[in-house]
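To keep things clear, I will list the structure first and then write my remarks on it.
The values are calculated or read from the model by the stated rules, or taken from the named source; none is laboratory data. From a predicted model like this one, the values you see are computed outputs, not experimental measurements. Cβ coordinates were reconstructed from backbone atoms using ideal geometry, including for glycine residues, and neighbour counts include every protein chain displayed. Just so you know, the surface numbers come from the protein's heavy atoms only, side chains and all, with ligands and any DNA or RNA stripped out. Shrake-Rupley method; radii C 1.70, N 1.55, O 1.52, S 1.80 Å.
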Amino acid sequence: MSESSPSSTTTIAVPAAFAALSVDEKQAVNTWSRYFKQLTGIGLSKEELGNREARKQREAEEIACDRCERWRDELLKSSPIVKFMSDHLRRSGFVADGSTMPCVKCEELRSGGFSPEEGIQLCWNRFF
């Protein structure tokens, strides 16, 4: 953990009773303190805040990608329109299933597409 200037860190007064705690209890207090700092962002240095935001962004992206894959699989099974299109693609020689329809992150102006080399691409960051 990096040192930060006093102006960027909230100082918390430690009660005198903290000194009377056992080593295990102090360790538990420190663990919970770190947990709540990460949860709230309060008391983190600028570097720690940046790492926290990057982690939260990665987690949100993973959730969005997983949701896209679940919806894709469900639509391939249950949506009459998607089943109709995938059946006709199959007849033309293109197997339309989860392996040929990856969920990918796309640029802002794109929501998906098709190319013979890459198949059907679903943009998880534009999948509503």
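Worth pointing out:
- M85 exposes around 100 Å² of accessible area when a 1.4 Å probe is run over every protein chain in place.
- Each part gets one Cα centre, and for the range 50-82 versus the range 91-128 those centres are 13 Å apart.
- Ordered from highest to lowest accessible area with the whole protein assembly present and a 1.4 Å probe, C65, C123 read as C65, C123.
- With protein chains left intact and a 1.4 Å probe, residues in the chain average 76 Å² of accessible area per residue.
- Estimated inter-spin distance, M85 and S99, nm [label 7 Å along Cα→Cβ]: 2.2 nm
- Rounded, prolate or oblate (a/c below 1.5 giving rounded, otherwise prolate when a/b exceeds b/c) for the range 13-87 by Cα gyration tensor: prolate
- Against the criterion of solvent-accessible heavy-atom surface with a 1.4 angstrom probe, E59, E108, E47 sort, most first, into E108, E47, E59.
- Placing unit charges on the Cβ atoms of the charged side chains and taking the dipole of the range 41-128 about its Cα centre, the candidate lying farthest along the positive direction among A96, C68, F84 is F84.
- Debye log10 I(q)/I(0) at q = 0.11, 0.19 Å⁻¹ for the chain, Cα point scatterers: -0.62, -1.06
- Most to least accessible of S115, S78, S99, S45 (protein chains only, probe 1.4 Å): S99, S78, S115, S45
- Within the same chain, lysines fewer than 8 places from K77 are excluded, and of the rest, those with a Cα less than 28 Å from its Cα are K105.
- Taking all protein chains as shown and a probe of 1.4 angstrom, D97 keeps an accessible surface of around 60 Å².
- Probe 1.4 Å - accessible area at F36, Å² to nearest ten: 100 Å²
- Label point 7 Å beyond Cα of S111 along Cβ direction - residues of the range 70-105 with amide nitrogen under 20 Å: 70-76, 79-86, 101-105
- Candidate lysines - alpha carbon under 28 Å from K37, same-chain residues fewer than 8 apart omitted: K26, K46, K56
- Net lengthening on full extension, A28/I63 (0.36 nm per residue, minus Cα-Cα): 9.6 nm
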